[in-house]
Structure formats: structure tokens, C-alpha cells
Protein chains: 2
Amino acid sequence: MSYHQSFTSLNHNYVASFDKGHLPLPPSKHVAVVTCMDARVEPASQLGINLGEAHVIRNAGGRAKEALRSIVISQRLLGTREVAVFHHTDCGMLTFNNEDIRKQIKSEESGKAEVASLVDHIDFLPFPDLEQSVKDDVEFLKENPLLLEGTVITGWTYDVKTGKVKQIA
Amino acid sequence: MSYHQSFTSLNHNYVASFDKGHLPLPPSKHVAVVTCMDARVEPASQLGINLGEAHVIRNAGGRAKEALRSIVISQRLLGTREVAVFHHTDCGMLTFNNEDIRKQIKSEESGKAEVASLVDHIDFLPFPDLEQSVKDDVEFLKENPLLLEGTVITGWTYDVKTGKVKQIA
């Protein structure tokens, strides 16, 4: 059985007690959180975010560069004025570099010239140092001319072993 | 006060009852969910996803094209074999097109030539039709040679007024 078949029944329980249909589109706390797709990361409970309060942008690593399109939409169309970037301990992005993953995929799809060309053009955005990667992403956003002037930009780590967050930028 | 100042105290409550420090890096249900950054979307409770079970990728609109890098990492390095794409009702992406947002930003940052050039090179990935956008994203992934053969790819809508999900592809 594919896992998606459980979504409908699990959602049924949620719908039964759902009373948040009135919430407006813009986030009430005017904040956008950028974090990793990691299965052990769950921003709502870990950061105490209630439904309707914050934009949550997630990708492999929680990289700000890839989140830029979303952040611009979040600020310009939906009124957010803060960005908080979270990366976490034991992140998959710490375990490889671009050459590693390109080589692996080319080997797994050997003979497919299209795949080889495609992966050579993707920057997978891995990083070798957790705290430095947070500082780099905060710096990237602070220097980016597409962000609104005066945006409050902070950087954090989340520890998957303890559940703790720590502000580092 | 900036909102991020509340993260530490809200996280403190989470840490006090945290008992999931043992979870492994790869998602136990081998599934990656792609959904929107919208503040009314909260995949863990809405889809019944427990900590450690699924990758969750979120961006403005829940667009598969921008999620591709993360999906490739999810599959090749962390063993997921299913992708479920969710877009939702009342999405901000239904309310504008590329020309609208480019014009707005250029007007807000008038005189900054660098900004004008940057926004002209961003595809903000808006869409005019909710269900069609889900079908388009599922098709994009099904045809993409970087996804593993045999990947189960499904497409869904989430209704922000009722809390209900509906499979449409």
C-alpha cells in the first residue's frame, strides 16, 4: 500500500474538529520561517506557531537562496516583515557535496545523457558546517536587494536530539 | 517586539516534553509532501503525519518545479519513493501574475535598476486555476527524468475553509 492512501482517513479526524475556516490569508504574526524538509522538523509545535500565524518555507537544508521567490511573495503580497532561518543538527546536507550526488545519480542512471546534463546544472546547496550555513543564509538575505528595507532577519539552529532551538545570528 | 523573540520561550515548552531524540534521518513512511507556505496550511496535523515520518517541502504555491532539488535529495539520499503534491483554496498564487508582481516591486523600489533586472528574471510561478495547477505539477514530476522510476506521484487540494483534502491526480 502506498502511504498517500492514509491521507484521506487521517485528514477525516482533523476535519471533524476543524474550526479555523475563518482565518485570513496574510500571516497574523507577519513572519516567514525558512527551515529544512527533514522529517524530524515540525515548526508548528517546535516553535509554537498557531494556524494562521506564519509562513513556513521548507526545502532540503532550509536554504535561503531557494526560498527567495517565496520570501518576496510573502513580503510584497502578504505583509510579512520578519524572516527566521532555521538549520538543524544531523542534517543530510552535511553528508555530501555536489560532486558526490552528481556522481551517484549518473551512476544510478548510467547511459542517460539527459540526466547527466541535468544534474550537472543543479546546485544541490549542501553545506559542511551547520552554524556557518545559518550565518551565510542570514547574510545572503541581509544583502539581497529584493528584501524590504528594515526586515528583521534572524538565524537559528534546531537540535534534533534535544528539540532545542538556539539563536546564532 | 519582533515575533522571533517568542520562539525561545515557546520552544521551551516543547523541549520539556520532548522524547523523540532517537528518530533516524530517513523518513519512516518514505514519502515527500510538497505543499504551500500558507499560514493556514499545517501538514503534520492536517495529514496526520507524525514526527520522523515524511519530508515536507513548502514554498509559495507548493510548486513542484522549485521542489525538484529537494525531491531528488529526498529520493537519492534518504530513500523516499512517493511524492504527494498539495495546493490549496484561496491561495495567494491565484491572485496575481508575473507582470503584476514585477510591476509592483519595480514601483516600490523605483530607481533601483538592480531590483528591476532581478525581478524580471524571477518566475514567481503563480497559477490561475487551482486543480489545473495540481495536475500540471504532477505531470511535471511524472515526466521528469531525475525522479526514480516507479515513484508514486499523487496530487491533492486542501480546502482552507473546511480543512478537507481531496485527491485529484
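Laboratory data are not the source of any read-out in this text; all were calculated from the coordinates shown. Owing to the predicted nature of the structure, the values given are computational and were not obtained by experimental measurement. Neighbour counts run over all protein chains shown; Cβ positions are idealised from the backbone, glycine included.
List of remarks:
- For the range B:96-169 versus the range A:99-127, the inter-centroid distance based on Cα atoms is 25 Å.
- Dipole of the protein assembly as shown, positive direction: furthest Cα of A:I122, A:A32, A:L10, with charges on the beta-carbon: A:L10
- Within the protein assembly as shown: Cβ-based charge dipole about Cα centre, in debye rounded to nearest 20 (Lys, Arg +1; Asp, Glu -1): 560
- Shape of the protein assembly as shown, Cα gyration tensor, a/c cut at 1.5: rounded
- Cα centre as origin, Lys/Arg/Asp/Glu Cβ charges: chain B dipole, Debye: 420
- Taken over the Cα atoms of the range A:26-138, the convex hull encloses 120 Å³ per residue.
- Rounded if a/c under 1.5, otherwise prolate or oblate - the range B:1-40, Cα gyration tensor axes: oblate
- Nonlocal amide H pairs with B:R58, under 5 Å, H built at 1.01 Å: A:R58, A:N59, B:T35
- When peptides B:8-17, B:49-58 are sorted by average Cβ neighbour count within 10 Å, with the highest value leading, the order is B:49-58, B:8-17.
- Counting only DSSP beta bridges with both residues in the range B:41-169, the antiparallel share comes to about 30 percent.
- Listed values for the range A:119-136 are Karplus-derived 3J(HN,Hα) couplings in whole Hz (6.51 cos²θ - 1.76 cosθ + 1.60, θ = phi - 60°), namely 5, 5, 9, 9, 8, 7, 6, x, 9, x, 9, 4, 5, 4, 5, 5, 4, 4, and x replaces Gly and Pro.
- Of the peptides B:69-81, A:129-141, the order by per-residue mean of other Cβ atoms within 10 Å, starting with the highest, comes out as B:69-81, A:129-141.
- When the range A:51-94 is described by a simple charge dipole with +1 on each Lys and Arg Cβ and -1 on each Asp and Glu Cβ, the residue from A:A60, A:Q75, A:C91 located farthest towards its positive end is A:Q75.
- Taking θ as phi - 60° and the Karplus parameters 6.51, -1.76 and 1.60, the scalar couplings of the range B:49-63 work out to 8, 7, 4, x, 8, 8, 6, 10, 10, 9, 8, 4, x, x, 7 Hz in sequence order, x denoting glycine and proline.
- Extension gain, A:L148 to A:N97: 0.36 nm times the residue separation minus the Cα-Cα distance gives 15.1 nm.
- For the protein assembly as shown, share of DSSP beta bridges that run antiparallel, in % to the nearest 5: 15
- Cα-Cα over 21 Å, subset of A:K20/B:K166; A:K164/B:K65; B:K65/B:K142; B:K135/B:K166; A:K20/B:K164; A:K164/B:K164: A:K164/B:K65; A:K164/B:K164
- Summarising the amide proton neighbourhood of B:R40: residues at separation of 5 or more, or on other chains, whose placed amide H is nearer than 5 Å comprise A:G52.
- For B:I153, the residues whose amide H sits under 5 Å from its own are B:V83, ignoring neighbours fewer than 5 places away on the same chain, with H placed 1.01 Å from N.
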